[in-house]
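Let me begin by presenting the structure, written as structure tokens, before commenting on it.
Throughout, read-outs are computed from the coordinates displayed, never taken from laboratory work. Predicted model, so just to flag it, every value in this text is computed and none were measured. Counting neighbours? That spans all protein chains shown, and the Cβs are built from the backbone with ideal geometry, glycine included.
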Amino acid sequence: MDSQQRKELLEQVDRFCQNEVLPHMEEDDEKGYFRPEIFQGFAQLGLTGLTTEEAYEGAALGYQDLCAVLEKIAHYSVPYAITLSVSSMVQGLIQQFANEQQKQKYLPPLASGQAIGAFSLSESHSGSDAASLKTTAKKVEGGYELNGTKMWVTSGGIAETYIVMARTGEAGPKGISAFIVEKDTAGLSFGKAEKKMGWTLSPTRELIFERCFIPEEQRLAQEGEGFKMAMAALDRGRITIGAIGVGVAQAALDYAIAYSLRREQFQKAIFEFQGLQFMMADDATEIECSRLLVQRAAKDFDEKHINQKLAAMAKMKATDTAMNVCTNAVQILGGVGYTKEYPVERFMRDAKVLQIVEGTNQIQKVIIARELQRHYQ
Ligand code: COS
């Protein structure tokens, strides 16, 4: 997509979000209500399968385009951007690792937005140490029997297609396999919906597997390859989380600047105070750095140079920036910034978990440091 086409696409996305997303955000955040019609609106704009090949009803665009779109949506709503980002990650995983039959069955509904995709790796005792997961997939006639409980599944309950990591072999990463699980499978139920600080309208649920039979045709790639596939998917997903961080940071800064130009204290707009000007100048610079890093990491992916280190850097930098900028925006608005009359407190709540999901920012540092060691040793 050339820059003019991308500009037009982003204008369309902006118009849709202004008209269809923004008016509902306050109420839906309060009630924790996910609007399927908004996801359908994204589908009509062709956003639900942006990076999926045309043969499977996708738009065959790149990660730079996806990141630009997610940044724009996150300007209005982090949780809707997240729904789209995770569903895109699932499609990326299927596109890269599934066989032709699996691609034909699962990709078109996801790419066309008829279905939402979800990714399930974490468990209550296995978060950062993902390779220690305990859910089992026991080989039985014709397939596998899954038993165990997965945690923190974004879009749990509203998604139709789940990529689930479960143990088929030895302890550690090499004993993990990946399965495509359909929502209505017998033996799969959804546990409690988490009550969260932010992302309230995006459901986060447990997946409970009790003697859940999954046919062999729904195993992704070979037994034992699940961990590597999960890590490869997260490399991409982390860049898109960074893009979402840039979007919410920009929204918070835009709001803070506009407010500070209007708000007067000591007979002048508070923007005139250098203490606030320096804060906003730093914020604007950090956002620009984050955007460039996200786009650079996405470009590497588009050019097929898988760059784990840059993906980790982009995620960490952009989401730390998001948290700082949103906190500053609340500070700049002062007392009203802390109230629900203004959106910056929502931006701050929605930004926080970006530093945690798809690998905490401390895990990103582990990944960056390992790459540095590998390079310099
Ligand atoms: N792509 C492909 N393969 C990868 C990979 C990647 N990005 N990262 C690791 N691997 C491979 C390794 O090469 C290794 O295989 P070999 O032994 O054949 O070389 C295997 O996977 C195990 O890797 P490693 O030894 O690095 O595993 P660790 O248990 O040390 O875990 C971290 C590494 C900490 C990076 C990983 O557990 C992680 O990312 N944790 C965070 C989990 C997370 O993001 N959870 C969020 C869930 S979604 S909300």
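Figures for the structure shown
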item: Across LYS150/LYS174; LYS105/LYS192; LYS196/LYS228, pairs whose alpha-carbon gap is larger than 21 Å; result: LYS105/LYS192; LYS196/LYS228
item: Euclidean distance of C-alpha centroids, the range 215-293 and the range 109-150, integer Å; result: 28
item: Point-charge dipole on Cβ atoms (K/R +1, D/E -1) for the range 239-377, about Cα centre, debye to 20; result: 360
item: Cα-Cα P(r), the chain, percent of pairs per 10 Å interval; result: 5, 24, 33, 24, 10, 3, 1, 0
item: Net dipole in debye of the chain [+1 Lys, Arg Cβ; -1 Asp, Glu Cβ; about Cα centre; nearest 20]; result: 920
item: Percent of Cα-Cα distances greater than 27 Å, calculated over the range 46-166; result: 22
item: Cα coordinate range in the range 118-224, projected on the principal axes (Å, largest first); result: 41, 29, 21
item: Value at 222 nm in deg cm²/dmol, rounded to 500, when DSSP H runs of n ≥ 4 in the chain each add -39,500 (n - 2.57); result: -17500 deg cm²/dmol
item: Kirkwood Rh and Cα Rg combined as Rg over Rh, evaluated for the range 228-376; result: 1.07
item: Calculated P(r) of the range 314-369 - Cα pairs past 14 Å, %; result: 53
item: Most positive-pole-ward Cα, PHE97, GLN4, VAL78, against dipole of the range 3-116 from beta carbon charges; result: PHE97
item: Using distinct alpha-carbon pairs, which all enter the 1/r mean, Kirkwood radius of the range 250-324 in Å; result: 13.9
item: For the range 23-113, fraction of C-alpha pairs farther apart than 17 Å, in %; result: 47
item: Stokes-Einstein D for the range 1-42, Kirkwood Rh over Cα pairs, 4 °C, 1.567 mPa s (µm²/s); result: 113
item: By average C-beta atoms within 10 angstrom, highest first, the peptides 346-356, 18-28, 329-339, 94-104; result: 346-356, 329-339, 94-104, 18-28
item: Rounded to the nearest 20 debye, dipole of the range 118-224 from Cβ charges on Lys, Arg, Asp, Glu; result: 340
item: Vicinal HN-Hα couplings computed from phi for the range 129-135 (Karplus, 6.51 cos²θ - 1.76 cosθ + 1.60; Hz; Gly/Pro x); result: 8, 4, 6, 9, 4, 10, 4
item: By average C-beta atoms within 10 angstrom, highest first, the peptides 357-364, 264-271, 10-17; result: 357-364, 10-17, 264-271
item: Charge-dipole axis of the range 2-141 as Lys and Arg at +1 and Asp and Glu at -1 on Cβ define it, positive-most pick from GLY113, VAL21, GLN44; result: GLY113
